[in-house]
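Below: one structure, written as structure tokens.
The values are calculated or read from the model by the stated rules, or taken from the named source; none is laboratory data. Please read these numbers as outputs of a predicted model, since none were measured by experiment. Neighbour counts are summed over all protein chains in view; Cβ atoms, including those assigned to glycine, are modelled from backbone coordinates with ideal geometry. Heads up: the accessible areas ignore ligands, DNA and RNA and are worked out on the full protein's heavy atoms, side chains in. Shrake-Rupley method; radii C 1.70, N 1.55, O 1.52, S 1.80 Å.
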Amino acid sequence: MTENSHENVPSRQRRRFPGISSRAYEHPADRSALVALRKLTGFDTVFKALSGLLPERSLRLLFLSDSVRVSDAQFAHLNDMLRDACYILDLEKVPPMYVRQDPQPNAMCIGMDEPIIVVTTGLVELLDEEEMRAVVGHEVGHALSGHSVYRTILLFLTNLAVKVAWIPLGNVAIMAIVTALREWFRKSELSADRAGLLVGQDTRASMRGLMKIAGGNHLHEMNVDAFLAQADEYEKSGDLRDSVLKILNVLPRTHPFTAVRAAELKKWSETREFQRIMDGHYPRRDEDKDTSVSDSFRESASHYADTVRTSKDPLMKLVGDIAGGAGDLGGKLRDKFTGGGSGGSGGSAATGGEGTSGRSQDPEEGSSGPSKG
């Protein structure tokens with residue numbers, strides 16, 4: 001088989017999406033964040049410079065020499081999944097895929113000119129076949145969306161920021177771009193999770209995979225519904241102090257929190273949008289040229305407005321109250337920060353801030369993997 005064909009694709013009972021555009025599954029914030037990133041002062045200059053510093057040949061030689069390339073002869077089951085995912089999402093050229101020895105469960109799609117998919121042995125050993133299928137679909141989704149270029153730049157800049165930390169102005173300039181890239185990166189993971197679901201077409205398997213990445217290979221000790229309940233508790237618990245801590249905790253991460261990703265994916269799987277895609281009604285690539293940036297921003301703005309309106313997070317509720325012209329703003333701020341209710345005693349200060357501070361440093365930092373991503 002050549003890398004441009006889909007011969008010997010394994011049998012399946014899964015729906016295929018000929019000509020599907022990545023717009024069909026991309027999270028609105030993913031598209032708008034990428035547009036905003038491109039408008040960041042100095043980003044074009046950095047991008048052009050890095051394009052010359054990160055030759056595709058060097059990356060390919062690195063993985064070719066120090067990892068195992070997936071093929072019919074090596075990790076054949078992963079090769080079947082890769083061809084299957086490319087067939088379902090109609091990605092004509094199957095990207096090369098490598099397995100790298102690393103106990104940390106991870107995967108990534110990188111490359112400046114052409115995407116390269118890399119999965120770690122820790123991930124391969126952790127997930128069952130259907131869970132792994134969703135991960136492979138996740139990475140193929142990144143390839144179809146063209147995410148690999150910006151993910152590669154983020155990896156390079158993150159490493160560069162460490163090396164030039166002693167140069168105050170240089171570090172500040174790089175970190176501004178790194179922070180913007182991380183914000184987009186987190187949103188791109190939500191898009192790729194959706195692509196993984198379109199490939200695997202098994203919501204429970206996608207949920208299980210994310211749960212295992214959070215809690216390890218002890219499936220008999222875990223429960224998907226209880227895991228999703230954690231995400232709901234995380235969103236709605238605490239006061240404004242906890243909301244601020246949530247923001248601070250996520251800033252250094254390349255990925256959204258795993259329970260939150262699972263909840264986001266579950267929510268999308270129950271939408272009319274997802275059902276229409278499964279029924280064969282979705283944007284096509286040949287229509288991409290007719291889309292506009294302003295439409296992307298409008299869609300993203302609508303998404304954020306809906307998020308603020310429906311969110312259970314204390315900060316988002318306050319934003320909604322302010323937008324709605326709620327009275328006694330000073331009293332609302334006081335109650336939100338102190339945990340007090342409107343019922344009169346003023347309430348004791350909530351202690352939720354200690355419970356949500358958690359880890360401020362992402363254990364996967366510096367990689368662009370999936371954590372299913």
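In this structure the amide hydrogen of residue 98, modeled in the peptide plane, comes within under 5 Å of the amide hydrogens of 70, 117, 118, 119, none closer than 5 places in sequence on its chain. For the range 91-106, 3J(HN,Hα) computed residue by residue from phi via the Karplus equation (6.51, -1.76, 1.60; θ = phi - 60°) reads 8, 5, 8, 6, x, x, 10, 10, 10, 10, 5, 6, x, 6, x, 6 Hz, glycine and proline entered as x.
3J(HN,Hα) couplings calculated from phi for the range 115-121 with the Karplus curve 6.51 cos²θ - 1.76 cosθ + 1.60 (θ = phi - 60°) are, in sequence order, x, 10, 9, 10, 10, 8, 5 Hz; Gly and Pro show x.
Could you put 155, 62, 78 in order of accessible surface area, largest first, with the 1.4 Å probe and the full protein assembly present?
If we order 155, 62, 78 from most to least accessible, we get 62, 155, 78.
Spin-label model, residue 71/residue 275: points 7 Å from Cα along the beta carbon direction are separated by 4.6 nm. Got a number for the accessible area of residue 225? Probe 1.4 Å, square angstrom, nearest 10. Surface open to solvent at residue 225 totals about 90 Å². Within the shell of other residues whose beta carbon sits under 10 angstrom from the beta carbon of residue 121, the net charge comes to -1, with Lys and Arg scored +1 and Asp and Glu -1.
Local charge for residue 148 was computed over the other residues whose Cβ lies under 10 Å away, with Lys and Arg +1 and Asp and Glu -1, and equals -2. Close amide H pairs (under 5 Å, H built 1.01 Å from N) link residue 21 with 284, 285, residues at least 5 positions away or on another chain.
Legend: residues 59, 198, sorted from most to least accessible area (1.4 Å probe; ligands, DNA and RNA excluded), read 59, 198.
Could you size up the charge dipole of the range 60-126 around its Cα centre, putting +1 on the beta carbon of Lys and Arg and -1 on that of Asp and Glu, and report it in debye to the nearest 20? Don't skip to the answer; put the middle values down first.
Values: 5 positive and 10 negative charges, 29 e Å.
It comes to approximately 140 debye.
Residue 245 contributes an accessible area of around 50 Å² to the protein surface, as traced by a 1.4 Å probe with all chains present.
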